[in-house]
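First the structure, in the form of structure tokens, and then the observations on it.
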Amino acid sequence: MTRDDIQAAFEAGIKLGALYHQWVGTPISPDTAKSVETAIANAVALQPCVDSVSVTINTDMMERNPFGYSELAGKMLEVEIQTTAGDATCTASLKFDGEYPLMEILDIR
């Protein structure tokens, strides 16, 4: 593993962790899920080393409160990110171990 591989993996992990902790708890409904997905992807894409981000919210997992909306839970998020550092590109995603969010490296080239 090269220094660039390590940096690309670090950048992917730090961005996934920040995304998770920044957005979980956001008020959301099935009607607003697409716009929240876009907002999350656009915000993360602004950061250094990010090549691409895809975000999908599983609206089937939403539990509406008495006011008609849900709070975004981490387990609703399906996220994949690609980062590049030097000559290395890392693809990573959120992965859940039961209820606990982990980051998973899918590929480093």
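The values are calculated or read from the model by the stated rules, or taken from the named source; none is laboratory data. The shown structure was predicted, so the numbers you read here are calculated from the model rather than taken from an experiment. In this analysis, Cβ positions are derived from the backbone assuming ideal geometry, glycine residues included, and neighbour counts consider all displayed protein chains. Heavy atoms of the whole protein, side chains included, go into the accessibility calculation; ligands, DNA and RNA do not. Shrake-Rupley method; radii C 1.70, N 1.55, O 1.52, S 1.80 Å.
Mind listing just one residue for me: the one in region 54-90 that is open to solvent by 30 Å² or more (accessible area, probe 1.4 Å) and in contact with a Pro (Cβ under 6 Å, 6 or more places away or on another chain) and, of those, nearest to Leu102 (Cα to Cα)?
Thr59
Whether any residue in region 86-94 is under 12 Å from the mean Cα position of the chain (by Cα) and hydrophobic (A, V, I, L, M, F, W, C) is what I want to check.
yes
The conditions are (1) modelled with pLDDT under 95; (2) open to solvent by 60 Å² or more (accessible area, probe 1.4 Å), and Ile105 fails exactly one of them. Which is it?
So Ile105 meets the others, but not (1).
Which residues, taken from region 30-52, are assigned to a loop (DSSP other than H, G, I, E, B) and surrounded by 14 or more Cβ atoms within 10 Å (Cβ to Cβ)?
Once the filter is applied, which keeps residues that are assigned to a loop (DSSP other than H, G, I, E, B) and surrounded by 14 or more Cβ atoms within 10 Å (Cβ to Cβ), region 30-52 yields Thr32, Gln47, Cys49.
With respect to Val55, determine if the residue is closer than 22 Å to Lys95 by Cβ, hydrophobic (A, V, I, L, M, F, W, C), in contact (Cβ under 8 Å) with a residue 24 or more places away in the chain and part of a strand (DSSP E or B).
yes
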